[in-house]
Amino acid sequence: MLDQILNKIESDYQLSADELKLLLTLKEADEIKLLLEAAYKIKSNIIGKKVFYRGLIEISNICIKDCFYCGIRKSNSSVDRYLMKEDEILKSAEFAYKNNYGSIVLQSGERNDKQFVDFIERIIYKIKELSNEKLGITLSFGEQEEAVYKKWFEAGAHRYLLRIETSNENLYKKLHPLDHNYSKRKNCLKILKQAGYQVGTGIMIKLPFQTYDDLVNDILFFKEMDIDMIGMGPYIVSSNTPLAEENNYLIDEDVYTLSLKMIALVRIYLKDVNIASTTALQTLKTFGREMGLKAGANIIMPNVSETLYRSSYQLYDGKPCTDENAEDCVNCLESRILNIDEEIGYGEWGDSAHFKNKTRS
Ligand code: 5AD
Ligand code: FES
């Protein structure tokens, strides 16, 4: 059965939801290995062996939202809140530029006030200026008005990450307070696309109440929404959050292996999208991110924020690299990637091939 499906993958056949589920629920180590290898082969054939960096700048942990799983939710009074100063953000961006990272991601908790919106706009212009227009800019600032997305696009940002977290609306409701709205979030993904951004979304894996069918539907959702970039990672309990109290897990499987299988299936099903090997994977296993690359991912997001602030950006427990500085990470990362026989796309934007293929046709 597995052989047959793997042959279909090779011959460019679009898998059915049942076939995706069968692959996602594989249990035998040798079968899982075949699945991950098939995904890696597709990645190498379609988009090559280059891994692209996105220098991640976590500019603030101030958040107006209250997601039940997130360590920086507004009700978590044990967090020291910070907002990086303009010159600190520019310094981090310059570090990424000087080290040939090609692109950066600016991320923070959600804020919609004018002061914040204008601050981000100014930062985008300044980063474009300091890098002679060369540094690619991805934003991850949650749900915003269409006019704000447009303003930031005009300032020079060209990619936006907004995870749907789960494509199951009922599960979404269980993870968020009543003032969060699934349809609004989904609509933001559409508005972002219309505004011209390459759009990234993603989900958390092995959430309480989540089923294998939910995960299969997440993959179908990415396809249906014509998403360019995917960032998925294991759900990791964050103490001091309401979801930490919830023990109703419907999937009984090691979340690390499940996450690798999800990366592989997204690569197999969507083929030419960018897929991030996330920090949350590295939290579970020292070489988790490398394994993500071997399962079909092609993007790494090294943290380039000031070390000073990193310990306060704890979305979940045990987040790694919070006390190393960015310089340490450059060297350790390069050798880790070369060691698994991948290359690094230094100085390139590394746009999603899916987005490029779309705009060409
Ligand atoms: N475990 C894993 N990922 C988390 N995120 C937030 N909290 C957690 C957690 N406890 C992820 C969400 C969010 C992204 C910025 O971080 O998916 O979109
Ligand atoms: Fe900040 Fe979810 S808690 S966006």
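The values are calculated or read from the model by the stated rules, or taken from the named source; none is laboratory data. As the structure is a computational prediction, the values presented were derived from the model and not from experiment. Counting neighbours? That spans all protein chains shown, and the Cβs are built from the backbone with ideal geometry, glycine included. The accessibility values were calculated without ligands, DNA or RNA, using every heavy atom of the protein model including side chains. Shrake-Rupley method; radii C 1.70, N 1.55, O 1.52, S 1.80 Å.
Okay, residues lined up against (1) free of Cβ contacts under 8 Å to residues at least 24 places away in the same chain; (2) within 13 Å of ligand 1 (Cβ to nearest atom); (3) under 16 Å from residue 296 (Cβ atoms):
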| position | (1), (2), (3) |
| --- | --- |
| 233 | no, yes, yes |
| 250 | no, no, no |
| 254 | yes, no, no |
| 258 | no, no, yes |
| 264 | no, no, yes |
| 267 | no, no, yes |
| 271 | no, no, yes |
| 275 | no, no, yes |
Seminar exercise, completed: For residue 242, the lone unmet condition from (1) open to solvent by 30 Å² or more (accessible area, probe 1.4 Å); (2) away from ligand 1 (no atom under 16 Å from the Cβ); (3) in contact with a Lys or Arg (Cβ under 9 Å, 6 or more places away or on another chain) is (2)
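Among the helices (runs of 4 or more DSSP H) confined wholly to the range 1-109, which include 1 or more residues that are within 23 Å of residue 298 (Cα to Cα) and either open to solvent by 30 Å² or more (accessible area, probe 1.4 Å) or free of Cβ contacts under 8 Å to residues at least 40 places away in the same chain (or both)?
2-10, 29-47, 86-98
This table checks each residue for (1) open to solvent by 10 Å² or more (accessible area, probe 1.4 Å); (2) within 22 Å of residue 139 (Cα to Cα); (3) among the hydrophobic types (A, V, I, L, M, F, W, C).
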| residue | (1), (2), (3) |
| --- | --- |
| 184 | yes, yes, no |
| 207 | no, no, yes |
| 224 | yes, no, no |
| 238 | no, no, no |
| 278 | yes, yes, no |
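Taking the range 44-73, which residues are of a type in the set (Phe, Trp, Tyr) and closer than 26 Å to residue 274 by Cα?
Answer for the range 44-73, where residues must be of a type in the set (Phe, Trp, Tyr) and closer than 26 Å to residue 274 by Cα: 52, 53, 69.
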Seminar exercise, completed: Across the range 133-145, the tally of residues that are at pLDDT below 95 and out of contact with any helix residue (DSSP H, G or I) (no Cβ under 9 Å at 6 or more places or on another chain) stands at 1
Problem set entry | Complete set of residues in the range 100-125 that are among the small types (Gly, Ala, Ser) and at pLDDT below 95 | 102
